[in-house]
């Protein structure tokens, strides 16, 4: 029972991170091409400025929970995925540094460089997160000792000894890129106004169409690479509510965006991400990390679980910590609700806007 509880607690924290940090990653991707003026760039950054670093707390909390609840999984995954984890760490650092330093360096060349780093780091992070999930669903070449090594790529095909990147994990990366970019576009519709909001709203439909195609392709590819993915669903037919929820969320997203209901469309995107990740977790349960070298080497829930005392004490402290985290999220999002206004964030108009205002007067 404790294993079941902790499996889903970790899953919920991962979902929380993707839903919350996903939209500011999407804003980072859109920052590369959606904004046309410096004011629009600053508006996009101001829309995520108060919350982006708090959103990443869920990633740290998920990693910490994984460490004490499933130490074998933590040790195995962090050793086998060492190279991509280092890449992700540097991308997170570059993203944070570029976001924080942009408004402290009043030089055009530095701002352009930091803008590019912020957008590129955000784009690569979405792809790496999607590829990481696809690696877990596909499986890794675990040995009897529970450890493995993955090169960045081999033959680009799944098999007994695959690489981190193959055609299946690339599909996973593309799904994450489009889904989180769409998530970010819906956030901008919700938080910005004027031409920037209109541009963000226009890009929703093509992203939505691409996401439908990629979602269908990814589901078919997952069943081809890991045929046992649907076993849990057939054993418990009520859980087919998950794919139904994915379809319903996509339909509601499109309808509500067309009707101009920005908050409802954004929440539909949250529901889509929730069901996609919950469905992936249910597809592998009770396996935490499948082995391409045979089911006997799978890292399962019972094999990786900590002792009962650790889990019982940890549940108390986890509840306390999560209450603080949730309270912080509620406070911050309620404090900074509404449309982003640059003047309220301490930013004045650009030189171009000042000149235009002078001419009009």
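Read-outs throughout are calculated quantities, based only on the coordinates presented, and are distinct from any laboratory measurement. Quick caveat: nothing in here was measured; it's all calculated off a predicted structure. Counting neighbours? That spans all protein chains shown, and the Cβs are built from the backbone with ideal geometry, glycine included.
With contacts taken as Cα pairs under 8 Å at a separation of at least 6 residues, the range 8-75 carries a relative contact order of 48 percent.
Working ranking of peptides 323-332, 177-186, 295-304 by packing, defined as the average number of other Cβ atoms within 10 Å per residue, highest first, is 177-186, 295-304, 323-332. With the largest listed first and rounded to whole Å, the semi-axes of the equivalent ellipsoid of the range 99-229 from the Cα gyration tensor are 35, 21, 10. Taking Cα atoms only, the orientation of helix 262-284 departs from the longest principal axis of the chain by about 20 degrees.
Taking 8 Å as the Cα distance limit and 6 or more residues as the minimum spacing, I'd like the relative contact order of the chain as a percentage.
Working: 459 pairs, mean separation 84.5, N = 361.
Reported as a whole number, the value is 23 percent.
Cα-based values for the chain, radius of gyration first and Dmax second, are 21.4, 77 Å. Angle of helix 38-48 to the longest C-alpha principal axis of the chain, folded into 0 to 90 degrees and rounded to 10: 40°.
Relative to the longest principal axis of the Cα atoms of the chain, helix 82-101 runs at roughly 20 degrees.
Here is how the number arises for the chain: DSSP H runs of 4 or more residues each give -39500 (n - 2.57), the sum is divided by the residue count, and the result at 222 nm is -24500 deg cm²/dmol. Sorting 86, 223 from the fewest to the most surrounding beta carbons within 10 angstrom yields 86, 223. Here the ratio of the Cα radius of gyration of the range 166-267 to 2.2 N^0.38 Å is 1.23.
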